[in-house]
Amino acid sequence: MRLIMFDMDGTLIDSGFAITNTINYVRENLGFEKLEKDYILEKVNEPHINSSDFFYGTKEFTQQQTDLFGEYYNEHCLTDLVLYDGIAKLIDDLKGDFILTVATNANSQYAKKMLDHVGIGSNFTTILGYDSVTKPKPHPEMVHKILNEYNVSNTNAQMIGDSHKDILAANSAGVDSVLVNWGFSNHEEGAIETVQELEEKIKNKFR
């Protein structure tokens, strides 16, 4: 059995507007000024940044922040949502040969809703969000949980993501990973640029 884990935001779907507008909505309600979209997306993906502290000035997310985020995101998360070019075909090419799963730091219900909206949700047998684990990526808990669910060894799995959080989670679990450069980060090195390259990487890993 061979298994692939995809990150969602910035890997499968471009949800940049939904994420930045939601964070800015929370910030404005808390009395902070708006931040630029590119700046927000770059910082969201930084493994060493405490997001609650960075965006809202608290050590951990408060109930108020969580409620504000959920309220806005639930209403707007399908707005301006698009699949990256080539992803639908890639998923179609892979689904007969692999177990396809999603490991995202988004909420799992929202993730399912978003993936269904862009037409690929039914291809993933598991969609695991931060609410399904005690520690989200870069911690490897999500990766271990998916491997255990299918009883797949780490050598028969691969993680695809646009953030070093994805790569760190995979590395900690001994899983091969691919960093992609069409998402929210602009990686100087070690990342691939096209979905065609990704398909090659997957084929080479499991050849």
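None of the figures in this text is laboratory data; all of them are computed from the coordinates on show. All of these numbers come straight from a predicted model, not from anything done at the bench. Cβ sites come from the backbone with ideal geometry, for glycine too, and all protein chains shown count toward neighbours.
Some values worked out for this structure:
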{"quantity": "Computed magnitude of the charge dipole of the chain (debye, nearest 20; Cβ of K, R +1, Cβ of D, E -1)", "calculated": "660"}
{"quantity": "Exposure proxy order (Cβ contacts within 10 Å, fewest to most) of Phe6, Phe69, Phe61, Phe55", "calculated": "Phe61, Phe69, Phe55, Phe6"}
{"quantity": "Amide H within-cut-off set for Arg2, under 5 Å, with H built and near neighbours excluded", "calculated": "Ile99"}
{"quantity": "Size of electric dipole in the range 1-48: Cβ of Lys, Arg +1 and of Asp, Glu -1, about Cα centre, debye, nearest 20", "calculated": "140"}
{"quantity": "Karplus (6.51, -1.76, 1.60) ³J(HN,Hα), θ = phi - 60°, over the range 30-35, in Hz, Gly and Pro reported as x", "calculated": "8, x, 9, 8, 5, 10"}
{"quantity": "Relative contact order of the range 16-76, defined on C-alpha pairs under 8 angstrom at six or more residues apart (%)", "calculated": "42"}
{"quantity": "Most mobile of Gly86, Gly119, Gly31 in a GNM of the chain (Cα contacts under 10 Å)", "calculated": "Gly31"}
{"quantity": "Three principal axis lengths of the range 1-98 [C-alpha, angstrom, descending]", "calculated": "49, 27, 23"}
{"quantity": "Lys, Arg +1 and Asp, Glu -1 on Cβ, resulting dipole of the range 16-76 about Cα centre, debye, nearest 20", "calculated": "60"}
{"quantity": "Placed amide H near Thr58: partners under 5 Å, 5+ positions off or other chain", "calculated": "Asp53"}
{"quantity": "Most fluctuating residue given options Val143, Val82, Val178, as computed from a GNM of the chain linking Cα atoms under 10 Å", "calculated": "Val82"}
{"quantity": "Percent RCO, i.e. relative contact order, over the chain, from Cα pairs under 8 Å lying at least 6 residues apart", "calculated": "26"}
{"quantity": "Alpha-carbon Rg/Rh ratio, for the chain, with Rh computed the Kirkwood way", "calculated": "0.95"}
